[in-house]
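Written below as structure tokens is the structure these notes are about.
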Amino acid sequence: MNNLRFAVLGAGFWSRCQLAAWREVGGAECVAVCDAVRAKAEARAREFSIPRVYESAAELLRQERLDFVDIISSPDTHRELVQLAAQHQIPVICQKPMAPSLADAERMVEVCRDAGVPFFVHENWRWQTPLRRLKQVLDEGQIGIPFRARLDMISGFPVFINQPFLRELEQFILSDLGTHILDVARFLFGEAQSLYCQIQRIHKDIKGEDVATVLMKMGGQTTMLVEMAYAENSLERERFPETFAFVEGDKGSVELAPDFWIRVTTQAGTWARRCPPPRYAWADPAYDVVQASMVPCLANLLQALRGHGPAETTAEDNLQTLRLVFAAYESARTGQVVCLD
Ligand code: 89V
């Protein structure tokens, strides 16, 4: 099978592991990289033997023969780049969050739909090994009907060191991390019927919120609590970027605990299994479970780009996740429960 040819738009922090993950997946070849800061694009090109470098995405799209583009730039640039790719009839993969507003995201989906251009979001969190295993336990009915669940990603990790622009976002944790965790909630429990959220800012030197608590009714049957924090308030054991879960069902419970342990308890007793992610030499150990999840995520998107199966994280699907993110901001602002039916 021929390699698909793609270009990367944006050569910042995440482009390194994304390109390494593409190499791991195989079947796709990066032929050009673009960044407004040419030196950044040149550095990535050298590191990954990418033949051509551009400062302008418009120029790149005029010059290159591509099967798709992979947009890894900051969220405020996504709309323009997606529209540009659609004009050139080039399928798009775009980093999360798809856009800084729901209106922008809806417009981007509409533009690609009208142009007949496939549009996917690189939403990798749900592809983490332990979360896939948790989903399997739920789907097998091991704990019966899940009536209540909790997802936690509470961390003191200094996330601003590698991603300084996050300090400047007026909307921070829900749009950066909430896109992931609320997507996982949908992946595990289905669509939400209602949502209530409170947010806080603990860091004094950032613009947006760094703590969020979201309560939802999901899948018509599950009361879901999602707790997120980047408060840097010194946890005894820092577990970034692990997500923890506890789900109660009418026949038992399942816990996703530190160090990737899954424990299922039913009347028959408790079984426990460790479900660590695969280790890749290229992955930054500080982000291992997250960066490892890029491999199955990209493999799934590549299969869809080849027309060999559905993608889980189409942009259309991701709009449902973004609706939760923006409903959470609305609830935090108004103090009201948002009905989503
Ligand atoms: O993986 C990400 O999207 C990062 C993180 C949530 C780890 O901060 O932005």
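The values are calculated or read from the model by the stated rules, or taken from the named source; none is laboratory data. Owing to the predicted nature of the structure, the values given are computational and were not obtained by experimental measurement. Note: ideal-geometry Cβ built from the backbone for every residue, glycine included; neighbour counts use all protein chains shown. Keep in mind that these areas ignore ligands, DNA and RNA; they rest on the heavy atoms of the full protein, side chains included. Shrake-Rupley method; radii C 1.70, N 1.55, O 1.52, S 1.80 Å.
Need pairs with beta-carbon distance below 7 Å; first residue crowded, with 18+ Cβ neighbours inside 10 Å and within region 60-79, second part of a helix (DSSP H, G or I) and acidic (D, E); sequence gap 6+ or separate chains. Listed by first residue and then by second, the contacts come to R79/D104.
Picking from residues in region 3-16 that are over 14 Å from Q163 (Cα atoms) and either modelled with pLDDT under 95 or not in a loop (DSSP other than H, G, I, E, B) (or both), the one that is most open to solvent (accessible area, probe 1.4 Å) is R5. Among the candidates S234, S194, S253, S293, the residue that is touching a Cys at 6+ places or on another chain (Cβ under 8 Å), in contact (Cβ under 8 Å) with a residue 60 or more places away in the chain and either exposed (fewer than 15 other Cβ atoms within 10 Å of the Cβ) or not aliphatic (A, V, I, L, M) (or both) is uniquely S194. Scanning region 169-191 for residues that are of a type outside the set (A, V, I, L, M, F, W, C), more than 9 Å from the ligand (Cβ to nearest atom) and surrounded by fewer than 24 Cβ atoms within 10 Å (Cβ to Cβ) yields E170, Q171, R186, G190, E191.
Yes/no per residue for (1) more than 13 Å from the chain's Cα centre (by Cα); (2) in contact (Cβ under 8 Å) with a residue 12 or more places away in the chain; (3) surrounded by 14 or more Cβ atoms within 10 Å (Cβ to Cβ):
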{"position": "G249", "(1), (2), (3)": "yes, yes, yes"}
{"position": "R263", "(1), (2), (3)": "yes, no, yes"}
{"position": "T270", "(1), (2), (3)": "yes, no, no"}
{"position": "A283", "(1), (2), (3)": "yes, yes, yes"}
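In region 277-289 there is no residue that is of a type in the set (A, V, I, L, M, F, W, C) and in contact with a Leu (Cβ under 6 Å, 6 or more places away or on another chain).
Yes/no per residue for (1) more than 26 Å from D259 (Cβ to Cβ); (2) of a type outside the set (D, E); (3) surrounded by fewer than 20 Cβ atoms within 10 Å (Cβ to Cβ); (4) away from the ligand (no atom under 16 Å from the Cβ):
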{"position": "F147", "(1), (2), (3), (4)": "yes, yes, yes, yes"}
{"position": "D152", "(1), (2), (3), (4)": "no, no, yes, no"}
{"position": "G156", "(1), (2), (3), (4)": "no, yes, yes, no"}
{"position": "R167", "(1), (2), (3), (4)": "yes, yes, yes, no"}
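Only one of the listed residues (A32, A43) is open to solvent by 20 Å² or more (accessible area, probe 1.4 Å) and either in a helix (DSSP H, G or I) or farther than 25 Å from E170 by Cβ (or both). That residue is A43. Can we say A85 is part of a helix (DSSP H, G or I), out of contact with any Asp or Glu (no Cβ under 9 Å at 6 or more places or on another chain), more than 17 Å from A7 (Cβ to Cβ) and touching a residue at least 12 places away in the same chain (Cβ under 8 Å)? Taking the combined requirement at face value, the residue does not satisfy it. Each residue in region 248-298 was checked for being under 30 Å from V121 (Cα atoms), in contact with a Phe, Trp or Tyr (Cβ under 9 Å, 6 or more places away or on another chain) and among the aliphatic types (A, V, I, L, M), and 11 of them qualify. Could you tell me whether R113 is within 20 Å of Q303 (Cα to Cα), open to solvent by 70 Å² or more (accessible area, probe 1.4 Å) and modelled with pLDDT of 95 or more? Answer is yes for this residue. Number of residues in region 51-104 that are within 16 Å of the ligand (Cβ to nearest atom) and closer than 21 Å to R126 by Cβ equals 12.
The set of residues in region 121-145 being touching a strand residue (DSSP E or B) at 6+ places or on another chain (Cβ under 6 Å), under 29 Å from E209 (Cβ atoms) and away from the ligand (no atom under 16 Å from the Cβ) consists of L134 alone.
With the requirement that a residue be of a type in the set (S, T, N, Q) and either open to solvent by less than 40 Å² (accessible area, probe 1.4 Å) or under 13 Å from S73 (Cα atoms) (or both), what does region 88-100 give you? The answer is Q95, and nothing else.
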